[in-house]
Structure formats: C-alpha cells, structure tokens
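Engineer: Sending over a structure as structure tokens; questions will come in a sec.
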Amino acid sequence: MSEALRAHVTAVAVHLPSRYRTLDESRLKIAASGDYAPPPGFLEDLTGVRGVHVREDGENASDLAAAAACAALDEAGIRIKDIDLLLFAATATDMIEPATSHLVAVKLGACCPVFDVKNACNSFLNAMEVAASFMAAGRYRTILIACGEVGSMVTRWNVPDRQALLRALPGYTASDAGAAMVLTAAPVADGRGILDMRFISNSAAWESCTVAGGGTLHGRSVHDDHATLRVNGDLRQGAFDALPEILEAAGELLAAARAGVFVAFHQTAMPQYRDTINTLSLPEERCMPAVAEHGNCAAASLPLQLVKARETGRVAEGDVVSMIGLASGFSFGMALVRW
C-alpha cells in the first residue's frame, strides 16, 4: 500500500516593485486627469492605506511572477528542472492567449507541464488546493505556484465627480506584486503541510465588483470605465449572504484558525480589514494589517502576509497558520497549514 502524501510548503517568497505611489500622489493624478479633484487626505481617510507598489514601465505580470519564483526556488534549495508542475495563479494575465504560465515558464527555463488557475483574489489559494489534490493523488511531487499582479493597470484616473470616484475606489488601493510558493509531497505521518481546506461561493454576487473589459461582454473597443476596477453593488452584502454557509461548512476550520499562531486573510482596505476580523471573530493580535502599507496585492496578498510574518519572527517551523481568501464573485476559501 502506497504511503499517504500531503502538500508541504517548502518555500514562499514575494517580489515587490521598487516604485511606490502614495495615495496623495494618486489624488494629485486624479485631479490632473479629470474634472474632479478629491480633497487632501480623502483617499487615505476612506481606505486607511498609505500607498501602493507600482511595476516598472514594460514590466508584465509574468515578470513579477518569475522574480518571486526565483526567490522561492532559492529558498527551497532546488532548481527549476526539479519542478514537476508550474501553476500561474493571479487575477492578472499577460494576454488572453496563451496562458501566462507559459510565459513564466520560458522566463524560468521550465520544461514541465503548466497551466493557469484564475479565481480573482482567491487564485493563489485555489492553486494551493489544486497542488494539494495532485500530491494526495500521487500525480506530482514538486509544484511551483507563481503569481504576478498588476493592479495599477485597473486604476481609473479620469473621474467626473465624487460618485464616480467612489465606484472606482478599490482601484486606488490596487498594488503590483509577485508571489510564489514551492510545495513538495511529504508523508501525512510527519504532521506538516496543508492540513485542511474549504471553499464556498456565492456566485449571485458576481456583478458587485468587476473589471469588465477584455472579455466577450466588453471586447477590444472598451470604454475606460469597463477597463478599470469598479464597484457596482455591495460586495460586502455578497459575503454576508454567504456567511451562514461559511459558518456551517467551515465552522470547525475557523475555530482551528483562531487557535493558530498566525491568520492571513485577503485585505482590500483597512475598513474591510477590521470588518473581516469582527465578522469572523478573528484574534486581532494574530493578524497583520499589511494592506495599510502595501495596498491590495490581490492574489499575492496571502503569501505576502506569510513572508512578512516569517521575517518578523511571528511564524516558525511547526507553527499552524491559516489563510483565508475573500474574492469578488463572491468566493471564500480557507487553508490550515502546519509550517
């Protein structure tokens, strides 16, 4: 009888572009681009965010992903030839076709199978689920997840009035970032790795927050508003509608998460950060408000928090951490991981 295997997180890394744009600089850019000029401090007061990371000119999602992947491979002490499967997991893409994973593979020199996993800001967490399932089935033993987010591309600068700015508000905290994770198959008996995962969706809330341009609904000749991140309804309500199902399906896992050393959850702004802590009854002393300094890094948000927690000594080998994903759609995901 073959040994039961579990996905073990061998390495996690992030790559943050060196350019940084404060929200006051964003305010000045909005004022220079349209008819409406937000008052000083307006964006900071609404979001609690200081600024965002911005990619270099000509830098693509695949470049950010490849940079983070190189750092993760170095940390894991392996080479790209040791990877059995490469997954690109992000809201962003370099192009519609081919899958961005192919471009990342070329930049890394990978020759393994590749494909993309895409589910808005839950993309990275869903890729972890795919990897864990493959490893439990004995299909692959070493998997690289790479993420490249270019949220600066979906920021709307030309807004005619205050109401239009509020609809475009999520775009001003959208940050560029790369993230990567190396997972290896390890015996279940050693106690490490991804212990459990849960995923729940309330797809009826899909219209609440969108980037509409680029698909079949709004194709090549898109209006500026369709090509930017915008709020069309109450995404928070979509989450609350799904809350009973979340508590029923993931109640025990949430209880285990609260008892863990560190809780990483997706963050879009400081009001949402506090709201999530209160709604899910999370221990605030075990969470990290990374969004305040780094903005909304989309699917790279969870690995960013893990890296920061390890750098500050909040997570050590053998610790149990939880990862909670929240994404437009609406999608909820959760992973419990022993380091």
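Engineer: Any residue that is among the aliphatic types (A, V, I, L, M) and in contact (Cβ under 8 Å) with a residue 40 or more places away in the chain - is there at least one of those in segment 109-118?
Structural biologist: no
Engineer: I've got another one for you. Mind listing whichever residues of segment 90-122 are among the aliphatic types (A, V, I, L, M) and either farther than 17 Å from ALA71 by Cα or in contact with a Gly (Cβ under 7 Å, 6 or more places away or on another chain) (or both)?
Structural biologist: ALA90, ALA92, MET95, ILE96, ALA99, LEU103, VAL114, VAL117, ALA120
Engineer: Continuing with the same structure: Given (1) in contact with an Asp or Glu (Cβ under 6 Å, 6 or more places away or on another chain); (2) closer than 20 Å to ALA174 by Cα; (3) not hydroxyl-bearing (Ser, Thr, Tyr), where does PRO160 come up short, assuming only one miss?
Structural biologist: (2)
Engineer: Still on this structure: Take the residues in segment 25-44 that are open to solvent by 30 Å² or more (accessible area, probe 1.4 Å) and more than 18 Å from ALA164 (Cβ to Cβ); name whichever of them is farthest from the chain's Cα centre (by Cα).
Structural biologist: Among them, the one singled out is PRO40.
Engineer: Could you please tell me which pairs satisfy a Cβ distance under 6 Å, a separation of 6+ or placement on different chains, a first residue in segment 4-18 that is under 18 Å from PHE134 (Cβ atoms) and basic (Lys, Arg), and a second residue that is open to solvent by 30 Å² or more (accessible area, probe 1.4 Å) and at pLDDT below 95?
Structural biologist: Close Cβ pairs satisfying both conditions: ARG6/VAL188.
Engineer: When you scan segment 56-65, do you find a residue that is within 17 Å of the chain's Cα centre (by Cα), crowded, with 24+ Cβ neighbours inside 10 Å and under 25 Å from LEU23 (Cβ atoms), even just one?
Structural biologist: Yes, segment 56-65 has at least one match.
Engineer: While we're here: What do you reckon, is ILE194 within 22 Å of CYS70 (Cα to Cα), of a type in the set (A, V, I, L, M), modelled with pLDDT of 85 or more and touching an Asp or Glu at 6+ places or on another chain (Cβ under 9 Å)?
Structural biologist: no
Engineer: Give the residues of segment 22-48 that are in contact (Cβ under 8 Å) with a residue 40 or more places away in the chain and either of a type in the set (Lys, Arg) or closer than 14 Å to ARG156 by Cβ (or both), sorted by residue number.
Structural biologist: Matches in segment 22-48: SER26, LYS29, ILE30, SER33, GLY34, ASP35, TYR36, PRO38, LEU43.
Engineer: Among the residues of segment 230-249, is any modelled with pLDDT under 90 and closer than 26 Å to ALA13 by Cα?
Structural biologist: no
The values are calculated or read from the model by the stated rules, or taken from the named source; none is laboratory data. The shown structure was predicted, so the numbers you read here are calculated from the model rather than taken from an experiment. We place every Cβ from the backbone using ideal geometry, glycine too, and count neighbours over all the protein chains shown. Quick note on the areas: whole protein, heavy atoms, side chains included, nothing else; ligands and nucleic acids left out. Shrake-Rupley method; radii C 1.70, N 1.55, O 1.52, S 1.80 Å.
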